[in-house]
Amino acid sequence: MQQLPPITVEVPVLTVGAGPSDYEALASYVNALRRPQGLHLTLLHIGILADFAQDVADWTKGITSAGEAARRTTGWLQGLPVLDGFAGTSEQLIVLGGGGISGLEVDVPRRVHDYQVSLVQGLHDLLDRLLVDNVDDFILSSPALGYRYPHWVPMSPSAVRCRGITGRGRLPR
């Protein structure tokens with residue numbers, strides 16, 4: 001059985017540094033680089049839609065069905081505006097997940113920061129409409145959402161996930 005992909009809201013990272021050579025220079029610090037065309041910044045992670053919808057149904061004790069949660073969430077996601085890609089700067093590699101993948105800590109433009117803030121506010125509004133009480137507790141408790149820490153800080157800087165990059169440390173100036 002094929003596993004469904006998680007739903008994420010992402011924005012492309014067009015360049016890191018002054019040009020392609022800045023990004024390619026990272027190869028001396030890691031085992032492998034993702035193609036520059038694949039660089040992106042994950043702004044919001046929803047997880048598997050069916051799992052998220054079931055988390056809502058469980059939290060509301062069935063007041064909101066999983067089907068209704070899935071329909072409303074799908075509509076909300078489809079209504080999100082599309083954010084254009086951006087160029088960023090970075091000075092540090094960071095370890096992601098279990099340590100086999102690293103990312104870049106990237107300074108983002110104000111519009112990207114503001115968009116992420118609006119996404120989190122929109123998620124709160126969606127959960128309110130789905131009759132989820134104690135929205136912050138739900139966000140931290142939902143296995144589908146996968147958040148583990150009680151303090152959310154809007155990025156600036158934030159991590160750009162780069163699959164296949166390994167390593168950690170400060171980049172040379």
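The values are calculated or read from the model by the stated rules, or taken from the named source; none is laboratory data. Values in this document were obtained by computation on a predicted structure and should not be read as measured data. Here Cβ is always computed from backbone atoms with ideal geometry, including for glycine, and neighbour counts include all displayed protein chains.
Residues in region 1-38 that are closer than 27 Å to P81 by Cα and touching a helix residue (DSSP H, G or I) at 6+ places or on another chain (Cβ under 8 Å): L4, I7, V9, V11, T15, V16, G17, P36. When the test is whether a residue is hydroxyl-bearing (S, T, Y) and within 21 Å of G146 (Cα to Cα), T89 does not pass it. Taken over region 52-74, residues that are over 20 Å from G146 (Cβ atoms), in contact with a Leu (Cβ under 9 Å, 6 or more places away or on another chain) and either among the β-branched types (V, I, T) or exposed (fewer than 15 other Cβ atoms within 10 Å of the Cβ) (or both) amount to 2.
Look at (1) at pLDDT below 80; (2) among the hydrophobic types (A, V, I, L, M, F, W, C); (3) touching an Asp or Glu at 6+ places or on another chain (Cβ under 7 Å) and you find that V30 fails only one, number (3).
Selection within region 23-49: residues that are of a type in the set (A, V, I, L, M, F, W, C) and part of a loop (DSSP other than H, G, I, E, B). The member of this set that is surrounded by the most Cβ atoms within 10 Å (Cβ to Cβ) is L39.
Just checking, how many residues over region 63-86 are farther than 20 Å from E10 by Cα, charged (D, E, K, R) and assigned to a loop (DSSP other than H, G, I, E, B)? Count: 0. Among the criteria (1) surrounded by 19 or more Cβ atoms within 10 Å (Cβ to Cβ); (2) touching a strand residue (DSSP E or B) at 6+ places or on another chain (Cβ under 9 Å); (3) assigned to a helix (DSSP H, G or I), the one L119 does not fulfil is (1).
Residues that are exposed (fewer than 14 other Cβ atoms within 10 Å of the Cβ) and at pLDDT below 80 within region 5-22 comprise A18, G19, P20, S21, listed in sequence order.
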